[in-house]
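**Q** Just passing along the structure, written as structure tokens.
The values are calculated or read from the model by the stated rules, or taken from the named source; none is laboratory data. Because the structure is predicted, anything quoted here is derived from the model rather than measured. No Cβ is skipped: glycine too gets one built from the backbone with ideal geometry, and neighbour counts run over all protein chains shown. With ligands, DNA and RNA removed, areas are computed over all heavy atoms of the protein, side chains included. Shrake-Rupley method; radii C 1.70, N 1.55, O 1.52, S 1.80 Å.
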Amino acid sequence: MAFPSTRIERLWTGAVGTILAVLVGGSVLFPERVYGGFVWQYFWGPVAADAHGAQAAAYNGGDPIFFDSVAGAAGVAGPIAYPGYTIVSEIGYAITLLVALAGIVFLLDRLDFEERPQLIYPLLPFMLFGGALRVVEDAHDTLAVGAGLIEFPLIALFISPFIYVTVFVLAMAALLVSLRLRNQGHADSFEWPLFGFGSGMLVLALAYLLYLSATQPQVEFHPAFTILTMGGAILIAVLGWWALRKYVPAVADGTPVLGAVILWAHAVDGVANVLGIDWGAELGLAADMVPKHPANRAIIDLTVAVVPEGITAVIGVAWGFLLVKIVAATIVTWLFDEQMITEGPRFSTLLLIAVVAVGLGPGVRDMLRATFGV
């Protein structure tokens, strides 16, 4: 069946095509300035440095040199890239995200399925898979070159921000196949095949991490972190959501069940941080873990500055992050009332998916980093 293109879709396609033509054409015609001084320095170079466990990388005319320290790259001619984000890259990724979201909306218009908040459930395995896949790269950072089964540049697909594209492409491919299975009568709905594809990917990622823990001394196995994180998050979600529905029922107006999932997803992130940062050594790690994200560090720094040292020495410093996650999840859930979901099911569904993913993805990564000691 052919679908007519709307004017806005044609504009979107033309704009994306123009941007790609400028970047690709400029990289071919002016490789040092366009590719080396922009694409490589701000986008690919930081990812390559991260994949090689380097503190800095020099473009070196297209044959990058990696350095163990920032000082080592001082004085090197040409573009220098450092792991992490810059103002330029953050702006670039923000624009890319907005453009991609518009493309997703156009794609959803052409797919034969109803977007509703319940779509989150078959997508949960993909969110867990994204966190596990990021830990695969974390584990590879600890290995000697050639020790793992995945090498650069393939491993770069598991590094932020490219990992978001990787997981999205796999999830979209699974959705398309699931819809085809339903439309051809092989399945009653697309949800269960989609859930199955995501679960299979999650099992593969976890199996590979277990393989590394059994074959590589740098990768350990401390299942207590996963057990305690999931157990604690489930307990918080069940008791917290019961209390909210009983004493503040307006919170659950639009998400009577899904709200518990949102609370659980963010509790996973909070509990994983508490266990890894405050109790990592007590649970078997060589040392307590260090927070990876700026938000975690900022809240921990505030806790250290405000709470007396005698108290933090006993209960730790990461519990403030857990409280913030619980409060934030509750407030966000409160915003999704029944009227909002009824009047804008697609918009609400996409936002709810993002809300769950923002908690579950980083939380699973922190939990599995501690579980595998990486």
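**Q** With a ≥ b ≥ c taken as the square roots of the eigenvalues of the C-alpha gyration tensor of the chain, please select rounded if a/c is under 1.5 and otherwise prolate if a/b is larger than b/c or oblate if it is not? Show your work: numbers first, answer last.
**A** Details: a/c = 1.60, a/b = 1.05, b/c = 1.52.
In terms of gyration-tensor shape, oblate.
**Q** Further question: Could you tell me the calculated FRET efficiency between residue 224 and residue 8, based on Cβ-Cβ distance and R0 = 45 angstrom, to the nearest 0.05? Please report the intermediate quantities before stating the final value.
**A** Working: r = 52 Å, r/R0 = 1.16.
According to the calculation, E is roughly 0.30.
**Q** At a 1.4 Å probe radius, which order do 337, 138, 253 fall into by accessible area, largest first? Could you put the intermediate results ahead of the total?
**A** Working: 337 55, 138 5, 253 75 Å².
Correct descending sequence by accessible area is 253, 337, 138.
**Q** For the stretch 7-131, just say rounded, prolate or oblate: build the C-alpha gyration tensor, square-root its eigenvalues into a ≥ b ≥ c, call rounded for a/c under 1.5, and beyond that prolate if a/b exceeds b/c, oblate if not.
**A** Values: a/c = 3.63, a/b = 1.62, b/c = 2.24.
Oblate, since a/c reaches 1.5 and b/c is not below a/b.
**Q** A further question follows. Gaussian network model of the chain, Cα springs within a sub-10 Å range: biggest mean-square fluctuation belongs to which of 117, 83, 217?
**A** The residue with the greatest mean-square fluctuation here is 217.
**Q** Take residue 298, project a point 7 Å from its Cα along the Cβ direction, then tell me which residues of the stretch 50-92 have their backbone nitrogen under 20 Å from it.
**A** It comes to 84-92, nothing else.
**Q** Taking the dipole about the Cα centre of the stretch 200-352, with the C-beta of Lys and Arg at +1 and of Asp and Glu at -1, give me whichever of 260, 296, 326 is farthest to the positive side.
**A** My answer, from the dipole projection, is 260.
**Q** With every protein chain kept in the model, how would you rank 211, 35 by accessible area, 1.4 Å probe, largest at the top? Walk me through the numbers before you get to the answer.
**A** Numbers: 211 95, 35 75 Å².
Largest accessible area first, the residues go 211, 35.
**Q** Can you tell me the dipole magnitude for the chain around its Cα centre, using point charges on the Cβ only (Lys, Arg +1; Asp, Glu -1), in Debye to the nearest 20? Walk me through the numbers before you get to the answer.
**A** Values: 16 positive and 28 negative charges, 119 e Å.
Dipole size: approximately 560 debye.
**Q** What is the gain in length, in nm to one decimal, between residue 214 and residue 281 on full extension, counting 0.36 nm per residue of separation less the C-alpha to C-alpha distance?
**A** Values: separation 67, 0.36 × 67 = 24.12 nm, distance 2.10 nm.
Taking 0.36 nm per residue and subtracting the Cα distance, the gain is 22.0 nm.
**Q** Would you mind working out the magnitude of the charge dipole of the stretch 117-213 relative to its Cα centre, with +1 at each Lys and Arg C-beta and -1 at each Asp and Glu C-beta, to the nearest 20 Debye?
**A** Values: 3 positive and 6 negative charges, 54 e Å.
Using Cβ point charges on Lys, Arg, Asp and Glu, the stretch 117-213 gives about 260 debye.
**Q** Please work out whether the stretch 117-213 counts as rounded, prolate or oblate from its C-alpha gyration tensor, where a ≥ b ≥ c are the square roots of the eigenvalues and a/c under 1.5 means rounded, while otherwise a/b larger than b/c means prolate and anything else oblate? Don't skip to the end; give the middle numbers.
**A** Details: a/c = 2.58, a/b = 2.33, b/c = 1.11.
It comes out prolate by the Cα gyration axes.
**Q** Just to confirm, what accessible area per residue do you get for the stretch 117-213 at 1.4 Å probe, in whole Å²?
**A** Ligands and nucleic acids excluded, the result is 46 Å² per residue.
**Q** Quick check: at a probe of 1.4 Å, how many percent of the accessible area of the chain sits on carbon and sulfur atoms? Provide the component values of the computation, followed by the final result.
**A** Working: 13650 of 19290 Å².
Carbon-and-sulfur percentage of accessible area, whole number: 71.
**Q** What relative contact order, as a whole-number percentage, does the chain give when Cα pairs under 8 Å and 6 or more residues apart are counted?
**A** Details: 460 pairs, mean separation 69.1, N = 374.
Relative contact order for the chain comes out at 18 percent.
**Q** From largest accessible area down, sort 192, 334; use a 1.4 Å probe on the protein chains.
**A** Ranked from most to least accessible, the order is 192, 334.
**Q** Now for a different question. Below 8 Å between Cα atoms, with a sequence gap of 6+, how large is the relative contact order for the stretch 271-374 in percent?
**A** On the way: 66 pairs, mean separation 37.3, N = 104.
Rounded, it is 36 percent for the stretch 271-374.
**Q** Would you calculate the separation in nanometres between label points at residue 340 and residue 19, each defined as 7 Å from the Cα along the Cα-to-beta-carbon direction?
**A** Those two pseudo-labels are separated by 2.7 nm.
**Q** On a C-alpha basis, how far is the centre of the stretch 7-70 from the centre of the stretch 130-204 in Å? Whole number, if you could?
**A** 24 Å
**Q** Using 0.36 nm per residue of separation minus the Cα-Cα distance, give me the extension gain between residue 173 and residue 91 in nm, one decimal.
**A** Details: separation 82, 0.36 × 82 = 29.52 nm, distance 2.77 nm.
Net length gain for the segment: 26.7 nm.
**Q** Taking springs between alpha-carbon atoms closer than 10 angstrom, which of 129, 152, 66 fluctuates most in the Gaussian network model of the chain?
**A** With Cα springs under 10 Å in the chain, the top fluctuation among 129, 152, 66 is at 152.
**Q** Restricting to Cα pairs below 8 Å that are 6+ residues apart, what does the relative contact order work out to for the stretch 142-292? Please round to a whole percent. The partial results should precede the final answer.
**A** Numbers: 92 pairs, mean separation 24.2, N = 151.
Relative contact order comes out at 16 percent.
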